[in-house]
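The values are calculated or read from the model by the stated rules, or taken from the named source; none is laboratory data. Not measured: the values here are computed from a predicted model. Positions of Cβ are backbone-derived with ideal geometry, glycine not excepted, and every protein chain shown enters the neighbour counts. The protein model used for the area step is the full one, side chains on, heavy atoms only, and it has no ligands, DNA or RNA in it. Shrake-Rupley method; radii C 1.70, N 1.55, O 1.52, S 1.80 Å.
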Amino acid sequence: MIRSGNPALKESTFLDLGTGAVVSRDAGAMTLNGTVNKTGILLLLAVMTATFAWSQIEFTDAGPTGGGLYLWGGLIGGFVLALVTTFKKTWAPVTAPLYALVEGFFLGAISAMYNHMYNGIVLQAVMLTMGTLFALLFAYRSGLIKATENFKLGVVAATGGIALVYLATIILGMFNINIPLIHESGLVGIGFSLFVIVIAALNLVLDFDFIETGVEQGAPKYMEWYGGFGLMVTLVWLYIEFLRLLSKLNSR
């Protein structure tokens, strides 16, 4: 059984939807090095557009200007492209790079705003995200953390719970109702952010296991792009959560 808390990387991804058999190709099969390279390309594309979006935002006494288009355009566009990639994984060689480019606009805009409020917070969040990535990769490769069935079930359940909390936050926010404590800078809010970061980090383990399984099963070559896309989804989530945590800590 293959499970991942990341909705882009789930059990049925390597299965043929018609027969239920594992999809495999003798020539041009998915490789670990290929997936790593594709992930690197996606991250580079995101950094390029993020840097551009950051440079276009100006801050005045009235607030930031020029960032709304990049923030909301990147957020909505990235969400749409993520859905397309998830449901049409054969399109991943095209849609995954597009997702990275569009998501970069969102990341650049929101990062500039956070950094304006708390100077240096973005660099801290990037370092923490990359440090977590390599720490979890080392723990997975060395066998310190194993993606057992119970481990997968626990992480998936916790991820689903967090998603429901955020969905409730969005819906209630439309009616000017705020969920108390968890989104504030008090101890409860900081504790909640720490919990979310732990779950996001554990999703990296499931993503590593998912990609490794795809390589072992000889998944088709386009799955390298899909695997890189799924890993990037988790990294974006982790980075945003680090920004939220650091902002709470700085506001105290």
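Compute the angle between helix 121-142 and the longest alpha-carbon principal axis of the chain, please, reported from 0 to 90 degrees and rounded to the nearest 10.
Once rounded, one gets 20 degrees.
Cα-based count: Lys pairs in the chain below 18 Å, eight or more positions apart or different chains?
Summing the qualifying lysine pairs gives 10.
In what sequence, largest accessible area first, do 145, 171 appear using a 1.4 Å probe?
Per-residue accessible area, sorted high to low, gives 171, 145.
Over the Cα atoms of the stretch 63-136, what radius of gyration and what Dmax do you get, in Å?
14.5, 42
Taking the 0 to 90 degree range and rounding to the nearest ten, how far is the long axis of helix 32-56 tilted relative to the main principal axis of the chain, both from C-alpha atoms?
Roughly 20 degrees, rounded to the nearest 10.
In what sequence, largest accessible area first, do 248, 88 appear using a 1.4 Å probe?
Ranked from most to least accessible, the order is 88, 248.
Label the stretch 35-75 by shape, choosing from rounded, prolate and oblate, from the square roots a ≥ b ≥ c of the eigenvalues of the Cα gyration tensor; if a/c is under 1.5 it is rounded, and otherwise prolate applies when a/b is larger than b/c, oblate when it is not.
It is prolate, given that a/c is not under 1.5 and a/b is the larger ratio.
If you rank 89, 221, 146 by how much accessible surface each has, with a 1.4 Å probe, what is the order from largest down?
Sorted by accessible area, descending: 146, 221, 89.
How much solvent-accessible surface does residue 114 expose, in Å² to the nearest 10, with a 1.4 Å probe and all protein chains in place?
Per-residue accessible area (residue 114): approximately 40 Å².
Roughly how many debye, to the nearest 20, is the charge dipole of the stretch 39-181 about its Cα centre, given +1 on each Lys and Arg Cβ, -1 on each Asp and Glu Cβ, and no other charges?
Taking the Cα centre of the stretch 39-181 as origin, the dipole is about 560 debye.
Output the Cα-based Rg and Dmax of the stretch 198-252 in Å, rounding Rg to one decimal and Dmax to a whole number.
14.8, 51
Heads up, I need the accessible area for residue 47: 1.4 angstrom probe, whole protein in place, Å², nearest 10.
Per-residue accessible area (residue 47): approximately 90 Å².
In whole percent, what relative contact order does the stretch 46-157 give with Cα contacts below 8 Å and a gap of six or more residues?
Answer for the stretch 46-157 is 30 percent.
Could you state the principal axis extents of the C-alpha atoms in the chain, from the largest down, to the nearest angstrom?
On the principal axes, the chain reaches 61, 37, 36 Å in Cα extent.
Taking all protein chains as present, what is the carbon and sulfur share of the accessible area of the stretch 104-152, in % to the nearest whole number, probe 1.4 Å?
Carbon and sulfur atoms account for 69 percent of the accessible area of the stretch 104-152.
Which three extents, in angstrom, do the Cα atoms of the stretch 18-157 have along their principal axes, listed largest first?
59, 35, 30
Could you state the angle between the C-alpha long axis of helix 68-87 and the longest principal axis of the C-alpha atoms of the chain, as a value from 0 to 90 degrees rounded to the nearest 10?
The angle comes out at about 20 degrees.
Tell me, in nm to one decimal, what length is gained between residue 166 and residue 127 on full extension, where the rule is 0.36 nm per residue of separation less the Cα-Cα distance?
11.5 nm
Compute the Rg to Rh ratio over the stretch 97-147 from the alpha carbon atoms, using the Kirkwood formula for Rh, and round to two decimal places.
Value, to two decimals: 1.15.
Compare 125, 96, 135 in a GNM of the chain, Cα atoms joined below 10 Å, and give the one with the largest fluctuation.
Among 125, 96, 135, the largest mean-square fluctuation in the Gaussian network model of the chain belongs to 135.
Given contacts defined as C-alpha pairs under 8 Å and at least six residues apart, what's the relative contact order of the chain, whole-number percent?
Result for the chain is 36 percent.
Any idea of the accessible area per residue across the chain, 1.4 Å probe, to the nearest Å²?
51 Å²
Scaled to the compact-protein estimate 2.2 N^0.38 Å, what is the alpha-carbon radius of gyration of the stretch 120-222, rounded to two decimal places?
1.32
How much of the accessible area of the stretch 173-241, probe 1.4 Å, is carbon plus sulfur, in whole percent?
Carbon and sulfur together cover 70 percent of it.
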